[in-house]
């Protein structure tokens, strides 16, 4: 099972809740779709019992500081692709909608993970599933959401913290 989150925006309480939930559910991998914002958030993600990967979002003010603090966990970049449980996955914050549409249309990925809009969403195109876990921070909607993807059948569960 893959844990997804995005748009944490320095909300340490929300990050703690997400990490605790992912650890409780025993996820195999955690993917963060950007807007970590500050380097001090890295310490909380180090409590995860699963590998962690993340991309930059559009609100990252100090990329070099983030890169250095997150280095023990992952290598930050604007886009990542990986394989997990036989599934090809990419993670992109989602700042440019036509890039997301192109990733979906390409057919290269089983799972496209994005954030940016702060709105939970799933969408399918062919064999590609797009998941936006919404905003973990809860600042815009008042709801702190994350998502779980079962890599076997690609089912999605949204969780409100």
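Where a number appears in this text, it was derived from the coordinates with a stated rule and is not lab data. Only a predicted model underlies this, so the values are computations on that prediction, with no experimental measurement involved. Cβ coordinates were reconstructed from backbone atoms using ideal geometry, including for glycine residues, and neighbour counts include every protein chain displayed.
What are the residues in the stretch 51-69 that are surrounded by 16 or more Cβ atoms within 10 Å (Cβ to Cβ) and in contact with a strand residue (DSSP E or B) (Cβ under 8 Å, 6 or more places away or on another chain), if any?
Of everything in the stretch 51-69, those that are surrounded by 16 or more Cβ atoms within 10 Å (Cβ to Cβ) and in contact with a strand residue (DSSP E or B) (Cβ under 8 Å, 6 or more places away or on another chain) turn out to be 52, 53, 54, 55, 56.
Of everything in the stretch 135-151, what is in a loop (DSSP other than H, G, I, E, B), surrounded by fewer than 20 Cβ atoms within 10 Å (Cβ to Cβ), in contact with a strand residue (DSSP E or B) (Cβ under 9 Å, 6 or more places away or on another chain) and in contact (Cβ under 8 Å) with a residue 60 or more places away in the chain? Give them in sequence order.
Filtering the stretch 135-151 down to residues in a loop (DSSP other than H, G, I, E, B) leaves 135-144, 151.
Then keep just the ones that are surrounded by fewer than 20 Cβ atoms within 10 Å (Cβ to Cβ); that gives 139-143, 151.
Checking which are in contact with a strand residue (DSSP E or B) (Cβ under 9 Å, 6 or more places away or on another chain) leaves us with 143, 151.
Correct list: 151 only.
Need the failing condition index for residue 81 against (1) crowded, with 18+ Cβ neighbours inside 10 Å; (2) under 20 Å from residue 103 (Cα atoms), just the number.
(1)
Please determine, by comparing only the residues of the stretch 118-134 that are out of contact with any strand residue (DSSP E or B) (no Cβ under 7 Å at 6 or more places or on another chain) and in a strand (DSSP E or B), which one is surrounded by the most Cβ atoms within 10 Å (Cβ to Cβ). Spell out how you get there, then give the answer.
Residues of the stretch 118-134 that are out of contact with any strand residue (DSSP E or B) (no Cβ under 7 Å at 6 or more places or on another chain), as a first pass: 118, 124-127.
Imposing the further condition that a residue be in a strand (DSSP E or B) reduces the set to 124-125.
Values: 124: 10, 125: 14.
Among residues in the stretch 118-134 that are out of contact with any strand residue (DSSP E or B) (no Cβ under 7 Å at 6 or more places or on another chain) and in a strand (DSSP E or B), the one surrounded by the most Cβ atoms within 10 Å (Cβ to Cβ) is 125.
Does residue 157 satisfy the criteria of being within 17 Å of the chain's Cα centre (by Cα), free of Cβ contacts under 8 Å to residues at least 12 places away in the same chain and not in a loop (DSSP other than H, G, I, E, B)? Break it down into steps so the answer makes sense when it comes.
Values: within 17 Å of the chain's Cα centre (by Cα): yes; free of Cβ contacts under 8 Å to residues at least 12 places away in the same chain: yes; not in a loop (DSSP other than H, G, I, E, B): yes.
Spelling it out, residue 157 is indeed within 17 Å of the chain's Cα centre (by Cα), free of Cβ contacts under 8 Å to residues at least 12 places away in the same chain and not in a loop (DSSP other than H, G, I, E, B).
For the stretch 97-107, check the following and say yes or no: at least one residue is at negative phi and part of a loop (DSSP other than H, G, I, E, B). If you could, list the steps in order and put the result at the bottom.
Residues of the stretch 97-107 that are at negative phi, as a first pass: 97-106.
Remaining after also requiring part of a loop (DSSP other than H, G, I, E, B): none.
No, that holds for no residue.
Here are some conditions: (1) more than 21 Å from residue 161 (Cα to Cα); (2) in a helix (DSSP H, G or I); (3) out of contact with any helix residue (DSSP H, G or I) (no Cβ under 7 Å at 6 or more places or on another chain). Residue 69 meets all but one. Which one does it not meet?
(3)
So which of 34, 115, 61, 94 ends up being out of contact with any helix residue (DSSP H, G or I) (no Cβ under 6 Å at 6 or more places or on another chain), in a loop (DSSP other than H, G, I, E, B) and at positive phi?
Details: 115 fails: at positive phi; 61 fails: at positive phi; 94 fails: out of contact with any helix residue (DSSP H, G or I) (no Cβ under 6 Å at 6 or more places or on another chain).
After ruling out the rest, the residue left standing is 34.
Scan the stretch 10-22 and report the pairs whose first residue is under 20 Å from residue 149 (Cβ atoms) and whose second residue is loosely packed, with under 15 Cβ neighbours inside 10 Å, with Cβ atoms within less than 7 Å and a gap of 6+ or a chain change.
The qualifying pairs are 19/47.
For the stretch 72-91, which positions are in contact with a helix residue (DSSP H, G or I) (Cβ under 8 Å, 6 or more places away or on another chain) and in a strand (DSSP E or B)?
90, the sole residue that qualifies.
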